[in-house]
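Encoded as structure tokens, the structure appears first; notes follow it.
The values are calculated or read from the model by the stated rules, or taken from the named source; none is laboratory data. None of these values were measured; they are calculated from a predicted model. Reconstructed Cβ throughout: ideal geometry from the backbone, glycine too, with neighbour counts over all protein chains shown.
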Amino acid sequence: MRKILTRRIAMKKLVLLICILVASLYAKPNVVILATGGTIAGSASGATNAQYDAAQLGVDILIKAVPEIANLANVKGEQVANISSNNMTDEIWLKLAKRVNELLASKDVDGIVITHGTDTLEETAYFLNLVVKSDKPVVLVGAMRSATSMSADGPLNLYNAVSVAASKESIGNGVLVVLNDEINAAREVTKTNTSSVDTFKSRNTGAIGRVYYGKVVYSTKSLKKHTANSVFDVSKLEALPRVDIIYSHANDYGDIAKHLIDVGSKGIIHAGTGNGSIHNNVFTVLQEANAKGIKIVRSAIVGSGYVDSNKKMDDNGNFITARDLNPQKARILLMLALTKTSDTKEIQKFFDEY
Ligand code: SIN
């Protein structure tokens, strides 16, 4: 009698175990959507009105507009900010990064999607790429047409972004940007067109994958250090060091560089002509700035390519080169580098590795 009872209990346990296994096999991933505003949450008075207001709709409305997302993942939404991303601030970046790290530390969160304006989307993506402490997918998504526009691109972009965040293949790929059926790495991608939906491009490397109505296909991955392998940590930071950008041009006066010394900038990204070249009028001022401890990084206005070390500027001037980072991303890396060191050679190493 006791044997039969023991066998029955064992049988019940086995059935329970099988049920749990089957359930976990079919369980959907848990994805949190963090909303920050942008055109994806924008609205206009008419479907063909190009003059819309960004950051009008809340995260719940964005999720409700794409009910098909429920087939991909269990989704929860949170509103972190509701701004036009040209107004992005360090405070929002720090708040967002801390919340992303908090959520990803939970075993109940498998991935994160961040809805964002396209103006500074690449900057937020690269910032998070350097400070997120997890291999789990983090995907930024935006739209070029407002939610009320004819042929709005936001709903499909959001659907695709959730599918990328829910995909196991996205694990370890760093922070990703999904728009217009393409998956781009945060470090490489930039906005290339003011109005086209086909605007986000990785000019030096190309996209790392594609997503077609939720079907995710990767073809390559970023080899630079990021997320779980990054040394940068914002968990205890309340502010970031001030770093400014100077945009170079013919007949440059050098006055802007002088002003940046006066306002206490801790670092200057010089977006130079050609291969990161600097006008003589500016070079002397940047040397002065460098002698005062302000770090100078040479990037380029060109939009693609690699800035080489240069004997005259980097050796004599003690400048750093941004390599293939565009000026706005070089600014982010320098801000974070300055939270770790003021040694020029160590900062150059960060620019070589990240
Ligand atoms: C913004 O960046 O918030 C406005 C523009 C856009 O989202 O496309």
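One line per residue, one yes/no per condition, for (1) farther than 15 Å from Thr120 by Cα; (2) within 14 Å of the ligand (Cβ to nearest atom); (3) out of contact with any Phe, Trp or Tyr (no Cβ under 6 Å at 6 or more places or on another chain):
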| site | (1), (2), (3) |
| --- | --- |
| Ala44 | yes, yes, no |
| Tyr52 | yes, yes, yes |
| Ile63 | yes, no, yes |
| Val75 | yes, no, yes |
| Val100 | yes, no, yes |
Subject >> Count of residues meeting criterion [touching a strand residue (DSSP E or B) at 6+ places or on another chain (Cβ under 7 Å) and crowded, with 20+ Cβ neighbours inside 10 Å] in the range 86-108 >> reply: 4
Original post:
Out of the residues in the range 169-217 that are closer than 24 Å to Ala152 by Cα and among the acidic types (Asp, Glu), which is surrounded by the most Cβ atoms within 10 Å (Cβ to Cβ)?
Top reply: Glu182
Original post:
So which residues in the range 67-111 are closer than 17 Å to Leu156 by Cα and aliphatic (A, V, I, L, M), if there are any at all?
Top reply: Ile69, Ala70, Leu72, Ala73, Val75
Subject >> Members of the range 109-124 found to be within 13 Å of the ligand (Cβ to nearest atom), crowded, with 24+ Cβ neighbours inside 10 Å and either without any contact (Cβ under 8 Å) to a residue 24 or more places away in the chain or of a type outside the set (Val, Ile, Thr) (or both), listed by number >> reply: His116, Gly117, Leu121, Glu122
Original post:
Within the range 128-154, how many residues turn out to be within 15 Å of the ligand (Cβ to nearest atom) and part of a helix (DSSP H, G or I)?
Top reply: 1
Subject >> Cβ pairs under 6 Å, 6+ apart, first in the range 40-65 and more than 26 Å from Glu78 (Cα to Cα), second modelled with pLDDT of 95 or more and more than 12 Å from the ligand (Cβ to nearest atom) >> reply: Ala47/Met150; Thr48/Met150
Original post:
Which of the following residues is over 24 Å from Met88 (Cα atoms) and out of contact with any strand residue (DSSP E or B) (no Cβ under 8 Å at 6 or more places or on another chain): Lys345, Lys340?
Top reply: Lys345
Original post:
Has the range 186-199 got any residue that is among the hydroxyl-bearing types (Ser, Thr, Tyr) and at positive phi?
Top reply: no
Original post:
What pairs can you find where one residue is in the range 75-96 and of a type in the set (Lys, Arg), the other is within 16 Å of the ligand (Cβ to nearest atom) and at pLDDT 95 or above, and their Cβ atoms are less than 7 Å apart, with a gap of 6+ or different chains?
Top reply: Lys95/Val80
Original post:
Filtering the range 138-164 down to residues that are among the hydroxyl-bearing types (Ser, Thr, Tyr) and crowded, with 24+ Cβ neighbours inside 10 Å, which residue is nearest to Val100 (Cα to Cα)?
Top reply: Ser163
Subject >> In the range 32-42, residue farthest from the ligand (Cβ to nearest atom) [restricted to those that are in a strand (DSSP E or B) and touching a Leu at 6+ places or on another chain (Cβ under 8 Å)] >> reply: Val32
